[in-house]
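J.: Please find one structure pasted underneath; my questions will follow.
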Amino acid sequence: MSRDPFENIAPSHLPDDSFLHDYQKNNNFTDCYKVLIHRNVSGLEFVEAFYTSWLFRLERLIIAIFVLRPSTDKQLLKFLRFQRPTFSAWTIERSSAEQWLMCDYQGKTRSWFMVKPFQNESITELYFGTAILANAKDKFGNSRLTLFFRLLLLFHRHYAIWLLNAAKRRLEKKSF
């Protein structure tokens, strides 16, 4: 098995039933990546693995330090079971058994997760996507991304793949 996170994760079109479709307008940025995992995975299991992966725990630490929104794995579990309204910097905007759409505390970004059984349900497609709202205006009054988010996109594309890979590896280990 290769350790290259870019090998099996590919950009993808959003599935037709994706919660992220609402954000594909007004010059908002959206993306979608997918990867296959060789076992059945629920939406709840995927989101939990994502937010408890080693890489996202680093992001949670950064958020705790710079945004003053600390979080624990125990808080995440309560959040995902709708026993807490927030987790770190997120709220749940919309969810179903297969999809979760998270909104950051400022309402500027969305993180989207989706699982789709593939073939005989022994394989699952894991989808991860992002929306960044174009809440700045250009000189003609058209919506656009702020300079901060345009610069962030230089890093984001790789980081999204690394995050999805870290969640997939966590699911493969099933050690959480």
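Please treat every number below as a calculation from the coordinates, not as lab data. Just so it is clear, the structure is predicted and the values come from calculations on it, not from any experiment. Here the Cβ positions follow ideal geometry from the backbone for every residue, glycine too, while neighbour counts run over all protein chains shown.
J.: Please list, or write none, the lysines whose alpha carbon is within less than 28 Å of the alpha carbon of Lys34, excluding same-chain residues fewer than 8 places away.
T.: Cross-link targets: Lys25, Lys74, Lys78, Lys108, Lys116, Lys168, Lys173, Lys174.
J.: Mind sorting Asp17, Asp31 by how few other Cβ atoms lie within 10 Å of their own Cβ, fewest first? Can you show the working numbers first?
T.: Numbers: Asp17 11, Asp31 18.
With the sparsest Cβ surroundings first, the list reads Asp17, Asp31.
J.: With a sphere of radius 11 Å drawn around the Cβ of Leu36, what net charge do the other residues whose Cβ falls strictly inside it have (Lys, Arg +1; Asp, Glu -1)?
T.: +3
J.: Which of the listed residues, Val67, Ala97, Pro117, is farthest toward the dipole's positive end in the range 34-158, when Lys, Arg count +1 and Asp, Glu count -1 at the beta-carbon?
T.: My answer, from the dipole projection, is Val67.
J.: Another question, then. Using Cβ counts within 10 Å as a stand-in for footprinting exposure, how do Trp112, Trp162, Trp90 rank, fewest first?
T.: Final ranking by Cβ density, sparse to dense: Trp162, Trp90, Trp112.
J.: Could I ask something else about it? Divide by every residue of the chain the summed helix terms, -39500 (n - 2.57) for each DSSP H run of at least 4, and state the resulting mean residue ellipticity at 222 nm, rounded to the nearest 500 deg cm²/dmol.
T.: Helix contribution divided over all residues of the chain: -10500 deg cm²/dmol.
J.: At 7 Å along Cα-to-Cβ for each site, give me the label-to-label distance between Leu68 and Glu172 in nm.
T.: It is 4.1 nm.
J.: Among 137-146, 20-29, 122-131, how do they line up from the highest to the lowest mean number of other beta-carbon atoms within 10 Å?
T.: Descending mean neighbour count gives 122-131, 20-29, 137-146.
J.: Moving on to the next point. Within a Cβ distance under 15 Å of Ile132, other residues only, what is the Lys/Arg minus Asp/Glu net charge?
T.: Taking every Cβ under 15 Å from that of Ile132, the sum is +2.
J.: Between Lys108 and Trp54, what is the label-point separation in nm under the 7 Å Cα-to-beta-carbon projection?
T.: Label at Trp54, label at Lys108, 3.0 nm between them.
J.: Moving on. Between Glu121 and Thr86, 0.36 nm times their residue separation minus their Cα-Cα distance comes to what?
T.: Roughly 9.4 nm would be gained on extension.
J.: Hey, another quick one. Please give the length that would be gained between Gln75 and Arg150 if that part of the chain were fully extended, namely 0.36 nm times their separation in residues minus their C-alpha to C-alpha distance (nm, one decimal).
T.: 23.9 nm
J.: Quick one: Met114, Met102, fewest Cβ neighbours within 10 Å first, how do they rank?
T.: Met102, Met114
J.: Label-point separation (nm) for Gln24 and Asn142, each offset 7 Å from Cα along Cα-to-Cβ?
T.: Using points 7 Å along Cα→Cβ, the separation is 2.0 nm.
J.: Select one label from [x] 151; [y] 161; [z] 123: the one whose number is volume of the Cα convex hull per residue in Å³ as derived from the coordinates shown.
T.: Computing volume of the Cα convex hull per residue in Å³ and matching it to [x] 151; [y] 161; [z] 123 gives [z].
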